[in-house]
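To start, the structure under review is shown below, and the notes come after it.
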Amino acid sequence: MADSGFGVTITFASGFMAEITNVSWDGIARDPLETSHSTTTDGWRTFIPSDLKDPGTLEVTLRFDPTDAPPISSAGETVTVAIPGKSWSCSGFLTNFSATIPYDEIMEATASLKFTGTPNFNVT
């Protein structure tokens, strides 16, 4: 079912809030492990999935508020991305923050958070 991202919110366990304009949860991944050997059938490489998975990275574009310092020194905390009727959450921490401050446009910032551990994909 196609839908828009209007109404998306991000909640941090610390209570940090922001006016979000774009969210991208990227990099949920599991590496392939090569099982090929010198007599693999027909010379085609073979693979199995790794048992280890990466919960990915959250990229957020938001309205920049210079009174809110980026929590670059904070420990990991639960981050919940809520889309109307659904939510995904995972423990994460800030890895990168940058602000754009034009003289005649709305100030914006981008933040990158690295997720760690097991994500919770609540589809309600």
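The accessible area of SER38, taken with all protein chains in place and a 1.4 Å probe, comes to roughly 120 Å².
For region 1-81, the relative contact order comes to 40 percent (Cα pairs under 8 Å, sequence separation of at least 6). Spin-label model, SER24/ILE72: points 7 Å from Cα along the beta carbon direction are separated by 2.1 nm. Pick from ILE106, ILE28, ILE20 the residue whose mean-square fluctuation is largest in a GNM of the chain, springs joining Cα atoms under 10 Å. Highest fluctuation among the options: ILE106. Could you tell me which GluC sites (Glu not before Pro) in region 65-117 are loop residues by DSSP with no more than 10 other beta carbons within 10 angstrom of their beta carbon? Those satisfying the criteria are GLU105. Dipole magnitude for the chain: about 380 debye, using +1 per Lys or Arg Cβ and -1 per Asp or Glu Cβ, origin at the Cα centre.
Rounded to the nearest 10 square angstrom, THR9 shows an accessible area of 60 square angstrom against a 1.4 Å probe. Between LEU33, LEU113, LEU94, the Gaussian network model of the chain with springs among Cα atoms under 10 angstrom shows the greatest mean-square fluctuation at LEU33. With the simple model of a label 7 Å out from the Cα in the direction of the Cβ, GLU34 to ASP3 spans 4.2 nm. Just so you know, the Cα atoms of region 1-54 work out to an Rg and Dmax of 20.6, 57 Å. Dipole of the chain computed with +1 at Lys/Arg Cβ and -1 at Asp/Glu Cβ about the Cα centre; of ASN122, SER73, GLY56, farthest Cα towards the positive end is ASN122.
When the label point is put 7 Å from the Cα of PHE16 along its Cα-to-beta-carbon vector, which residues of region 67-108 have a backbone N closer than 11 Å? Label zone hits: 68-79, 92-98. Between ASP104 and ASP51, residue separation times 0.36 nm minus the direct Cα-Cα distance comes to 14.1 nm. Highest GNM mean-square fluctuation among THR67, THR100, THR40, for the chain modelled with Cα contacts below 10 Å: THR40. Prolate is the label for the chain. Its Cα gyration tensor axes, ordered a ≥ b ≥ c, give a/c of at least 1.5 and a/b above b/c. Largest accessible area first, the listed residues MET17, MET107 line up as MET17, MET107 when surface is computed with a 1.4 Å probe on the assembled protein chains.
The values are calculated or read from the model by the stated rules, or taken from the named source; none is laboratory data. Only a predicted model underlies this, so the values are computations on that prediction, with no experimental measurement involved. We place every Cβ from the backbone using ideal geometry, glycine too, and count neighbours over all the protein chains shown. What goes into the accessible areas is simple: the full protein's heavy atoms, side chains included, and nothing from ligands, DNA or RNA. Shrake-Rupley method; radii C 1.70, N 1.55, O 1.52, S 1.80 Å.
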